[in-house]
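Note sheet for the following structure.
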4 protein chains.
Amino acid sequence: MNIGVIGYGYWGPNIVRNFNELDGVQVTAVCDLRSERLEAVRQRYPSTRLLTSDANDILHSSDIDAVAIITPVSTHFELGWKALSNGKHLFVEKPFTATVEQAEQLIELAEKKNLRLMVDHTFLYTGAVEIIKKFIDSGDLGELYYFDSVRVNLGLFQHDVNVIWDLAPHDVSIMDYLLNRSPRAIAATGVAHFDSDIENIAYISTYYDDNLLGHIHVNWLAPVKVRKTLVSGSKKMVIYDDMEPHEKIKIYDNGVNISPDKNQIYDYLIQYRTGDMIAPKVDLTEALVKVTREFQNAVNENRAPHTDGYAGLRVVKILEAATQSLRANGQLVELK
Amino acid sequence: MNIGVIGYGYWGPNIVRNFNELDGVQVTAVCDLRSERLEAVRQRYPSTRLLTSDANDILHSSDIDAVAIITPVSTHFELGWKALSNGKHLFVEKPFTATVEQAEQLIELAEKKNLRLMVDHTFLYTGAVEIIKKFIDSGDLGELYYFDSVRVNLGLFQHDVNVIWDLAPHDVSIMDYLLNRSPRAIAATGVAHFDSDIENIAYISTYYDDNLLGHIHVNWLAPVKVRKTLVSGSKKMVIYDDMEPHEKIKIYDNGVNISPDKNQIYDYLIQYRTGDMIAPKVDLTEALVKVTREFQNAVNENRAPHTDGYAGLRVVKILEAATQSLRANGQLVELK
Amino acid sequence: MNIGVIGYGYWGPNIVRNFNELDGVQVTAVCDLRSERLEAVRQRYPSTRLLTSDANDILHSSDIDAVAIITPVSTHFELGWKALSNGKHLFVEKPFTATVEQAEQLIELAEKKNLRLMVDHTFLYTGAVEIIKKFIDSGDLGELYYFDSVRVNLGLFQHDVNVIWDLAPHDVSIMDYLLNRSPRAIAATGVAHFDSDIENIAYISTYYDDNLLGHIHVNWLAPVKVRKTLVSGSKKMVIYDDMEPHEKIKIYDNGVNISPDKNQIYDYLIQYRTGDMIAPKVDLTEALVKVTREFQNAVNENRAPHTDGYAGLRVVKILEAATQSLRANGQLVELK
Amino acid sequence: MNIGVIGYGYWGPNIVRNFNELDGVQVTAVCDLRSERLEAVRQRYPSTRLLTSDANDILHSSDIDAVAIITPVSTHFELGWKALSNGKHLFVEKPFTATVEQAEQLIELAEKKNLRLMVDHTFLYTGAVEIIKKFIDSGDLGELYYFDSVRVNLGLFQHDVNVIWDLAPHDVSIMDYLLNRSPRAIAATGVAHFDSDIENIAYISTYYDDNLLGHIHVNWLAPVKVRKTLVSGSKKMVIYDDMEPHEKIKIYDNGVNISPDKNQIYDYLIQYRTGDMIAPKVDLTEALVKVTREFQNAVNENRAPHTDGYAGLRVVKILEAATQSLRANGQLVELK
């Protein structure tokens, strides 16, 4: 499979490296608007056939089977549409598209053309998320109570999208995958401190049926990096702390005892936890190895990849509703 | 000053001990419904004159100057009203009252009777909060951007109040004190997993003028205890982590550079922080020492205490609005 | 049982409180050289019959059954000898005595007089140490490889003993209990930065048979408090971090694979750990509750307590040899 | 400058990458005994002129100016000797050589031939060590009291060298650089649990004049990775924790008050620290960028590099003495 990669900025080099390391795949063309980025490709991968600043060179190339789009989200739809129209399988960086409508159109076109469409929800391919997923699906966690995720840091202030579209795709895709259901409504609050259109802090609440609640805090203006997700169920609770080098996942007994006896509060406050904590071994293989292999396999096996267009669409739906709610002072936005 | 203490459960013993250690103050009477709690007082403080299960014995005692009410919030109004009516100064555990109206009535009565009224917002008397307060007031933090507080643990499920009334009074009183202004609107989301009236997880957003945003996460169903507050300004950011034994306060340079040059992202991601971090020495004196002394001084000096009825009222206003919003699916509640 | 306590400084109040809370035990006399300390006892425990600055008042009192000595180690022998001579059971703070010879004489006297003798090795009664002990004795840890303990802080510089006699009794008593054998030799290094006789930093190596090695680092001049013990065996490893509020004990798979294949290093460095980590629930009951109860039971049941004179002697042997080695430039000191 | 690199195992790729990224330097030849490693070079750097399994091809090549030796220490002397003999500048991985004598001979030969000789003590080029060095040299730390370093992990069990030669070169080189003096004597203890010649845990004490003490703990059999160094002086103390992603360096006020008043212990235990803590911003540039540039500059400027042969020799002296002491039951080894 010959792949053309459009966009060689921060994330592009990881995509190119991982596709190039797959047997049976080679990145034969790279596009970037900046000549120094193309020069970086040339030095690192001298055998790359085509280096261009014009995406059309890739989109119309007859010997390219698939296109990977690693550009700002505002360009995903146009580039993706052309790629699919020209018969190329499509690999798109997250978030999938800038609107729900765009996502739906790309899915429809890919299906019509019988082409693969995959969104790079990288975190779903980490060993950590895989462990939590198995843990939920096996029933060990019990009935789900809430999902709470914090992703904050002293970040680059994007000029094209707000913090929801920049950071929350990670949390929303993890939440979508783990909970395996769609929220019925969204409410979000947030604020833009520097540029009235570009919120740099946001809190998103997602309402599900059965008293399940989701909450995501994303923030570009935090002094330290936090990447922490809690999933709580009726039997156990999981903490996923991506900043921990080794013990990324910790599983706790729920340990809640609802007692009619007020006096028990004293013992409770002293003893606190009611069971052991387990930190399972986490496979630390780079997630992009699995991401790129999944794309290759989906193409070769003519099947939908794990994180297909629908997965991308579900995420975009939540991002769009969250931004809408945020700008309406947190008003509840119902999802169909 | 002779003090009568009503309620000798979890917090009462700390109040009794601290009042008894003040020169010029003695706890001469203690009331609790449970005889074994009274027996505990008798053993520990054999010289306590009155041990009773009837609060009226204290409220009507002629030789008691002040009453401390350390009971569930639902009883604060009635007990407080009687205490003030009988000419006793009033010390009330937080939250002040169960409703805004009750708080206003107690304030009015205390003023009419020229009696002191103090709410035990303990955290405002900690060395940690004092440092942040000075830091904000001196202008070192710059213009305020946001206040974010997380107070979660595997807690006792209260039967009388939800998690907002149980845990958020701490954060709300700290927020009120540090930001030194009142929110114009509140939105809250949350859910009750066990008892339909008793929400055990809640997220509260408080909207201020000038793009200042507050957010509080309280939760009885978290596997580990977290007590962490962030205050961010245009110049610096503060993390207050109450679970840290020594470095409770960390002050970071804000370090945000809004760059028009996209290429700078690469340097930025590598270097991350743009300045030093300072963890100032924090006075670890037990806050209740200062709380009880403040009450004594306010009574002796015939002046309002630091955390007076109005401070208590401002907190109750936010708690009440938050619960109202939560039960209306996060609808914005405007505050007058 | 009537107990007389000699020494009401830093630790004495904990001893008095715990003995007083036992059914069937009362502290009827307290001795301290400082009148303000005696006044503190009087206020806290008004029913204490005898408050004195002369230890002989307690040692010769006819209605005292047992004496607890909570004074500097240099006084333990003389006070202990008098107590036993006068027919009183003896409870001694650690370290037991200032020399091996003194320890042996007290043990002999207690046996001759058929009196109980207990040393307050408090840590052996913590839930954390109990868990590790069970874990070793069950064979789950496998063959023992090493014991490594670090106990450092910015401490008070004692004027009477060096850091070995101040801090290492904790680690040595834990090591003695867990490993359940005696070292054949000791080597120690250290240095005194302020007072030539009072070393403030020391490293102690203890050599056992079968390639088992012990090492203890004690230090009064460290910027942060560390209390961390590692015990490694052929099957598992344990970390005991006493500064952790909740997860004091962590148990790791040993996970060592000795590979003849040099290439395996690459996988190894990426995957690192080879198994899960478990943090068992630790009983956080105050250890002194169990310490004082054990003394009471030993007296009542006329049996040796868990941490008897021999346990105290084994610890003193190591402390004495370590100081001797330290002052001989780390020369190996063989133990008989 | 054309460089030939011998050894493309774990560390070699980093060396090749960094030399190749320097202007004016290219890696023109790589040697490794394993064909798959050479193939890795070919794929990554297709323009490398010479790929060989025979080091002599590099050592005798006429168009190679400098040789980098990234092989096991046992081979350093022979390869280094040949490189220098053939007129090539020499870059050697740490530890410099397997014996003091070998180090002295290579230094002598390099001087005779007027060639540069540099040892890759990578850590001395990190931003963290640079900060501590400046801090010591400016006198801010005060008179030096001790250096304590812990470098432990669940490591690969080497088959050719013990844990001292594998891990301690890092700590010893940092200690040598920061303290800027040589120890007068060494004592070490340790044990081999699996292979009688290959100690897997060791404790090294280094004695300096003026009551300065060094101590290093290296260990292949620890459940978690620790890389922590303390340097304490009369004014301040520094903690360097290399596992911290951001706050690698923390500087504490010494805060020791030697008090003649025993009563002060109570205040002391409550207040603990006596000053602020500062975590300065650390330059996180990859150290090898500076290492390789220093080698290039030293060659171009015909001057000794920062970490020259003498720096390498000082480290080897300590490693050799430590192993000697360890095998003599910790007997003190005097250094000339």
In the range A:275-289, which residues are outside any loop (DSSP other than H, G, I, E, B) and either more than 7 Å from chain C (Cβ to nearest Cβ) or within 12 Å of A:Lys236 (Cβ to Cβ) (or both)? A:Met277, A:Ile278, A:Ala287, A:Leu288, A:Val289
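Residue by residue through the range C:122-141, note down the ones that are of a type outside the set (A, V, I, L, M) and part of a helix (DSSP H, G or I). Break it down into steps so the answer makes sense when it comes.
Initial filter on the range C:122-141 (of a type outside the set (A, V, I, L, M)): C:122-123, C:125-127, C:130, C:133-135, C:137-140.
C:Thr122, C:Phe123, C:Tyr125, C:Gly127, C:Glu130, C:Lys133, C:Lys134, C:Phe135, C:Asp137, listed by residue number.
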Looking only at the range A:1-37, filter to residues that are among the hydrophobic types (A, V, I, L, M, F, W, C) and within 14 Å of chain B (Cβ to nearest Cβ); which one of those is nearest to A:Arg116 (Cα to Cα)? A:Trp11
Selection within the range A:89-113 - without any contact (Cβ under 8 Å) to a residue 40 or more places away in the chain and farther than 22 Å from A:Ala321 by Cβ: A:Leu90, A:Leu109, A:Glu111, A:Lys112, A:Lys113
Residues (surrounded by 23 or more Cβ atoms within 10 Å (Cβ to Cβ), of a type in the set (Val, Ile, Thr) and more than 11 Å from chain A (Cβ to nearest Cβ)) located in the range B:161-203: B:Val163, B:Ile164, B:Val172, B:Ile174
Would the range A:322-334 turn up any residue that is surrounded by 15 or more Cβ atoms within 10 Å (Cβ to Cβ), under 16 Å from A:Ile174 (Cβ atoms) and either in contact (Cβ under 8 Å) with a residue 12 or more places away in the chain or over 15 Å from the mean Cα position of the chain (by Cα) (or both)? yes
Members of the range D:216-251 that are within 7 Å of another protein chain (Cβ to nearest Cβ) and of a type in the set (Gly, Ala, Ser): D:Ala222, D:Ser232
When the range A:101-138 is checked residue by residue, the ones that are under 17 Å from A:Arg181 (Cβ atoms) and either within 14 Å of another protein chain (Cβ to nearest Cβ) or modelled with pLDDT under 95 (or both) are A:Ile132, A:Phe135
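Going through C:Lys94, C:Lys133 one at a time, which residue ends up being more than 30 Å from C:Leu221 (Cβ to Cβ) and in contact with a helix residue (DSSP H, G or I) (Cβ under 9 Å, 6 or more places away or on another chain)?
Details: C:Lys94 fails: more than 30 Å from C:Leu221 (Cβ to Cβ).
The match here is C:Lys133.
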Looking at (1) at pLDDT 95 or above; (2) within 25 Å of D:Pro245 (Cβ to Cβ), which is the only condition B:Asp253 fails? (1)
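What are the residues in the range D:75-99 that are hydroxyl-bearing (Ser, Thr, Tyr), surrounded by fewer than 24 Cβ atoms within 10 Å (Cβ to Cβ) and not in a helix (DSSP H, G or I), if any?
Residues of the range D:75-99 that are hydroxyl-bearing (Ser, Thr, Tyr), as a first pass: D:75, D:85, D:97, D:99.
Next, from what is left, pick out any that are surrounded by fewer than 24 Cβ atoms within 10 Å (Cβ to Cβ): D:75, D:85, D:99.
Within the range D:75-99, just D:Thr99 meets the criteria.
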Filter result (surrounded by 13 or more Cβ atoms within 10 Å (Cβ to Cβ) and among the acidic types (Asp, Glu)) within the range A:31-58: A:Asp32, A:Asp57
All positions within the range D:200-233 that are farther than 16 Å from C:His217 by Cα and within 19 Å of the chain's Cα centre (by Cα): D:Asn200, D:Trp220, D:Lys225, D:Arg227
As an exercise: evaluate D:Val67 against (1) more than 30 Å from D:Ala168 (Cβ to Cβ); (2) of a type outside the set (Phe, Trp, Tyr); (3) in a strand (DSSP E or B) and give the number of the one condition it does not meet. (1)
With the condition kept exactly as written, say whether any residue in the range D:146-155 is assigned to a loop (DSSP other than H, G, I, E, B), modelled with pLDDT under 95 and surrounded by fewer than 24 Cβ atoms within 10 Å (Cβ to Cβ). yes
Look at B:Ile3 and say whether it is assigned to a helix (DSSP H, G or I), touching a strand residue (DSSP E or B) at 6+ places or on another chain (Cβ under 7 Å), surrounded by 17 or more Cβ atoms within 10 Å (Cβ to Cβ) and at pLDDT 95 or above. no
Could you say which residue among D:His306, D:His246 is in a loop (DSSP other than H, G, I, E, B) and at pLDDT 90 or above? D:His306
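The values are calculated or read from the model by the stated rules, or taken from the named source; none is laboratory data. Bear in mind that the values here come from a model prediction, so they are computed numbers and not experimental data. Cβ sites come from the backbone with ideal geometry, for glycine too, and all protein chains shown count toward neighbours.
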